[in-house]
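S.K.: Mind having a look at this structure? Questions to follow.
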C-alpha cells in the first residue's frame, strides 16, 4: 500500500491497541499521520512512540474541542486526505442498570463524535474540491454481542449505519466511507482487564481463540492497520459503505468449536 504524502487523522490513536496498530501501518506506508488524543499527556506519549507522526489534543466527545482541532490541523498540516474514527469508549453494564449519564457519555464519543469529526472532515474536503476517505472503527458487537454490552453494541451498530448512509450521500463527491469491525485483538496489556473475570488470562485467551474463532490465531493490532490502510488506499477505490470484520471468523459461526 502506498499512502505516501497522504495526510491522515487517526482519532484516539495513542493507545496500545487497535489505534497503535493503525498508526504503525499508516506511517510505514508513507502517510503523514496526525494522532489525536484527549489530553496533552497522552498526546505527548503518542508522539514519543510514533516519532514520525504529529499529535493534536481534543476530546472527541466535546464538539468545541473537535472544531478547534480541525482548524488547528488545517492550519498546521494542510487539508486532510483521510480520516480514521478510532476513538471510542466502552461500557460493560446491562442496559436496564445503566444511567443516562453513562449512556450519553458513550454515545457522545462513539456515535456523535464519529458523526462530528466526519462532518468537519467532509466539509473541509468539499470546501477544497477534494476527494477523500473515511474509515470508522466498529466492533463485532455490532453483529453479535454478550450480556452487559447492549448499549455499546447499539452504538457500534449506529456507526455501521452511519458508514453506509454517508457512503450513499458522498459517493458522488468522490468521498468513500467504510469501516472495520475488530474481534478480540490481542495485546498483553489486556491481561489486566481479563484478570477481572479469570485468574489465568493467558489460558483464557488460548481457549477463546480455539473455541470462538474459526481461524485459530491471535489477532494483532497491525491486522486492523492493514485493513485500514487498504481502505484508505486506491486499491479499494471501488469499495464504499462496507464493514470488514477482522475477527478470525468469530461472527460467522453458529455454535461450538471448529
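S.K.: Residues that are exposed (fewer than 13 other Cβ atoms within 10 Å of the Cβ) and not assigned by TED's automatic domain parsing to the domain that holds residue 98, at least 3 per element: which helices (runs of 4 or more DSSP H) completely within segment 116-216 meet that?
M.R.: Ranges flagged: 201-212.
S.K.: Within the bounds of segment 227-247, is there any residue that is in contact (Cβ under 8 Å) with a residue 60 or more places away in the chain, surrounded by 16 or more Cβ atoms within 10 Å (Cβ to Cβ), out of contact with any helix residue (DSSP H, G or I) (no Cβ under 7 Å at 6 or more places or on another chain) and closer than 22 Å to residue 143 by Cβ?
M.R.: Taking every residue of segment 227-247 in turn, at least one turns out to be in contact (Cβ under 8 Å) with a residue 60 or more places away in the chain, surrounded by 16 or more Cβ atoms within 10 Å (Cβ to Cβ), out of contact with any helix residue (DSSP H, G or I) (no Cβ under 7 Å at 6 or more places or on another chain) and closer than 22 Å to residue 143 by Cβ.
S.K.: So if I check each of 185, 122, which one is at pLDDT below 95 and under 30 Å from residue 5 (Cα atoms)?
M.R.: 185
S.K.: Do you know which residues across segment 36-55 are closer than 15 Å to residue 10 by Cβ and surrounded by fewer than 19 Cβ atoms within 10 Å (Cβ to Cβ)?
M.R.: Within segment 36-55, 42, 45, 47, 49, 52, 54 qualify.
S.K.: Quick check: anything in segment 85-103 under 27 Å from residue 229 (Cβ atoms), out of contact with any strand residue (DSSP E or B) (no Cβ under 6 Å at 6 or more places or on another chain), surrounded by fewer than 19 Cβ atoms within 10 Å (Cβ to Cβ) and assigned by TED's automatic domain parsing to the domain that holds residue 173?
M.R.: Scanning segment 85-103, I find at least one residue that is under 27 Å from residue 229 (Cβ atoms), out of contact with any strand residue (DSSP E or B) (no Cβ under 6 Å at 6 or more places or on another chain), surrounded by fewer than 19 Cβ atoms within 10 Å (Cβ to Cβ) and assigned by TED's automatic domain parsing to the domain that holds residue 173, so the answer is yes.
The values are calculated or read from the model by the stated rules, or taken from the named source; none is laboratory data. The structure displayed is predicted, hence computed values, not measured ones. Every residue, glycine as well, gets a Cβ built from its backbone with ideal geometry; the counts of neighbours run over all protein chains shown.
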